1. Could you please find all residues in segment 1-24 being surrounded by 10 or more Cβ atoms within 10 Å (Cβ to Cβ) and either within 39 Å of the chain's Cα centre (by Cα) or part of a loop (DSSP other than H, G, I, E, B) (or both)?
2. Between a first residue in segment 98-111 that is among the polar types (S, T, N, Q) and a second residue that is part of a loop (DSSP other than H, G, I, E, B), which pairs have beta carbons less than 8 Å apart while being 6 or more apart in sequence or on different chains?
3. Has segment 7-24 got any residue that is within 9 Å of ligand 2 (Cβ to nearest atom) and under 27 Å from GLU122 (Cβ atoms)?
4. Within segment 92-113, restricting attention to residues that are of a type in the set (A, V, I, L, M) and within 10 Å of the chain's Cα centre (by Cα), which residue is surrounded by the fewest Cβ atoms within 10 Å (Cβ to Cβ)?
5. Condition (residue is within 16 Å of ligand 1 (Cβ to nearest atom), among the basic types (Lys, Arg) and not in a loop (DSSP other than H, G, I, E, B)) applied to segment 51-70: is it met by at least one residue?
6. Which numbered condition in (1) open to solvent by less than 40 Å² (accessible area, probe 1.4 Å); (2) free of Cβ contacts under 8 Å to residues at least 60 places away in the same chain is the only one that CYS46 fails?
7. Mind checking which residues of segment 71-91 are closer than 16 Å to GLY31 by Cα, more than 6 Å from ligand 1 (Cβ to nearest atom) and surrounded by fewer than 16 Cβ atoms within 10 Å (Cβ to Cβ)?
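The values are calculated or read from the model by the stated rules, or taken from the named source; none is laboratory data. Please read these numbers as outputs of a predicted model, since none were measured by experiment. FYI the Cβ positions are ideal-geometry reconstructions off the backbone, even for glycines, and counts take in every protein chain you see. Calculation scope for accessible area: heavy atoms of the full protein, side chains included, ligands and nucleic acids excluded. Shrake-Rupley method; radii C 1.70, N 1.55, O 1.52, S 1.80 Å.
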Amino acid sequence: MFGTIHELLRNLFKKPMTVRFPLESIPIPEGYRGEHSFEIDKCMSCGLCSRVCPNRAIELVEVQKKDKEKYPKTYPRIDLGKCCFCGLCEDICPTGALKLTKNFFLSTFDSKSVIKEPIKDENLA
Ligand code: SF4
Ligand code: SF4
C-alpha cells in the first residue's frame, strides 16, 4: 500500500511522458521516413524506383496535357496507401529526385488524396 502511494505521489509531480499533440509535438528524428518529396526536374524517368518498390506503390505515368511539352517522359506516381515507407525508392534513385521527408501527417478520409501525382494538380489543392 505504501509503495503504491509513494509511486502515485512520485508520478503526480513528475513531467509527463506524453505531449499534448497536436498542440505540442516531439522533434522528429533524422532519418525518419515519411511522405515522399519528388523533384520532377531531377528525374530521368529511369523507372528504378518503381522496379525496386516491394509494394508496387510506384507507377510511372505521363503528366497532364498542359505540362507534357515540358515533361514529355513518364514519372513516378506514388500510392501512399500501398507504401510501407521502406525507403528503397530513395536509396536507388540515381539523381536524388525522390526523397522521404519527415512529414507523418498522412491520415485522411479521402482515399484519392493518398495518390501523389508527379505534378500536383493545383485544382485539387
Ligand atoms: S518507400 Fe518503399 S514501399 Fe514506399 S514507395 Fe518507396 S519503395 Fe515503395
Ligand atoms: S524518381 Fe529517381 S529512380 Fe524514379 S524514375 Fe526518377 S530518376 Fe529514376
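1. Taking segment 1-24 and keeping what is surrounded by 10 or more Cβ atoms within 10 Å (Cβ to Cβ), we get 6-7, 9, 11, 19.
Answer for segment 1-24, where residues must be surrounded by 10 or more Cβ atoms within 10 Å (Cβ to Cβ) and either within 39 Å of the chain's Cα centre (by Cα) or part of a loop (DSSP other than H, G, I, E, B) (or both): ASN11, VAL19.
2. THR101/GLY34; THR101/GLU35; ASN103/GLY34; ASN103/GLU35; SER111/GLY81
3. Start the filter on segment 7-24 by keeping residues that are within 9 Å of ligand 2 (Cβ to nearest atom), which leaves none.
Within segment 7-24 (the criterion being within 9 Å of ligand 2 (Cβ to nearest atom) and under 27 Å from GLU122 (Cβ atoms)), the answer is no, since none of the residues qualifies.
4. First, pick out the residues of segment 92-113 that are of a type in the set (A, V, I, L, M): 92, 97-98, 100, 106.
Right, trim to within 10 Å of the chain's Cα centre (by Cα) and you get 100, 106.
On the way: LEU100: 19, LEU106: 13.
Ranking the qualifying residues of segment 92-113, first place goes to LEU106.
5. So the first thing to find is which residues in segment 51-70 are within 16 Å of ligand 1 (Cβ to nearest atom), and the list is 51-61.
Remaining after also requiring among the basic types (Lys, Arg): 51, 56.
Filter once more, so that each one left must be not in a loop (DSSP other than H, G, I, E, B): 51.
Checked segment 51-70: at least one residue is within 16 Å of ligand 1 (Cβ to nearest atom), among the basic types (Lys, Arg) and not in a loop (DSSP other than H, G, I, E, B).
6. Looking at each condition in turn, CYS46 falls short on (1).
7. If we filter segment 71-91 for residues that are closer than 16 Å to GLY31 by Cα, which is where we start, we get 84-91.
Retained after the next criterion (residues that are more than 6 Å from ligand 1 (Cβ to nearest atom)): 90-91.
If the condition is that a residue be closer than 16 Å to GLY31 by Cα, more than 6 Å from ligand 1 (Cβ to nearest atom) and surrounded by fewer than 16 Cβ atoms within 10 Å (Cβ to Cβ), then ASP91 is the only one that fits.
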